[in-house]
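Each remark here refers to the structure printed beneath this line.
The values are calculated or read from the model by the stated rules, or taken from the named source; none is laboratory data. Given the structure is predicted, the values throughout are model-derived calculations rather than measurements. No Cβ is skipped: glycine too gets one built from the backbone with ideal geometry, and neighbour counts run over all protein chains shown.
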Amino acid sequence: MSNTTVTDVGSTAFRCNGRPGVADAATPDGPAGRSKIFQDAWSFKTGGRVGDDDNWGTKDLNTCCGKTNVKIPSDIAAEDYLLRAEALALYTARKANGTQFYMTCYQITVTRGGAASPSLVKFPGAYSAADPGIKIKIHAALSSYVVPGPPVYSGVTTKSAALEPKHNPQVLSAHHQLRKQVQVIGGDTCNGICITLLNFEREVKVLI
C-alpha cells in the first residue's frame, strides 16, 4: 500500500493515488472500469463495546504481516489488467471527507482466461463521500457495516474480518467489454514473508 492518503473520492487521484490517467492497463493508471474481486471488511466482535473493538480487514492484514492472497477469476479474458489494492482508515470518518484511502496499483497479465465480462464501475464515480461505509462513526457501537463500492464478482472468494473466507454465490450481469482494472480488498491466508505495513485501521479491498 502507498504511504500517502487520498480523501476526495471525486478526485482522479482516487484511481491509483495521484498518478496521471492513461488509456489502459499497460501503463500505471487509467479511467477504465473496474470490477471487485475480493473484500475483507468488518465483522462484529463479541465483547466489543464500540466499532474500534470489532474485527476489521486491516487488522487481518496486520496479523498476516501485511500479506494477503487474492484469487484472480479464471473466467475473465486473457489480457493485461491493473490490480488496485485499497485500504480505508475510518478513525476520522464521522466528518465529511474524513475517511483516508490508501491505494496502490499493480500491472498483471492474465493467461488462459475465459470470456466473462464482469459488471464495471469507474473511479471517480463508484463512491460517494456520504456512503454509509465512508461517512461513519466507528467510535460508537456498530450493528453492521456497508462496504463501499460494487458487490464482489461471482466465482471468487469474499471474507468477513477475522472469519474464514467463503465462496460468493452472487451472479452479476455482463457489462461493457472494456479493458478492465482490478481492485483487491483483504486476504485469506497468512503464509509467506512478512512485510512492513502501516498500522491502518479498518477496511481493505481489491478491484480488477
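Note on segment 71-88: residues that are closer than 19 Å to MET103 by Cα, among the hydrophobic types (A, V, I, L, M, F, W, C) and surrounded by fewer than 22 Cβ atoms within 10 Å (Cβ to Cβ) amount to 2.
Return the residues of segment 60-94 that are of a type in the set (Lys, Arg) and modelled with pLDDT of 90 or more; say none if nothing qualifies. ARG94 - this is the single residue of segment 60-94 that is of a type in the set (Lys, Arg) and modelled with pLDDT of 90 or more. Scan segment 37-55 for residues that are touching a Ser or Thr at 6+ places or on another chain (Cβ under 9 Å) and either at pLDDT below 90 or crowded, with 21+ Cβ neighbours inside 10 Å (or both) and the total you get is 7. In segment 1-21, the residues that are β-branched (Val, Ile, Thr) form Cβ pairs under 7 Å with partners that are modelled with pLDDT of 85 or more and part of a helix (DSSP H, G or I), at six or more places apart or across chains, as follows: VAL6/ALA13; VAL6/PHE14. Out of all the residues in segment 102-113, is one or more in contact with a helix residue (DSSP H, G or I) (Cβ under 8 Å, 6 or more places away or on another chain), crowded, with 22+ Cβ neighbours inside 10 Å, at pLDDT below 90 and not in a strand (DSSP E or B)? No - not one qualifying residue is present in segment 102-113.
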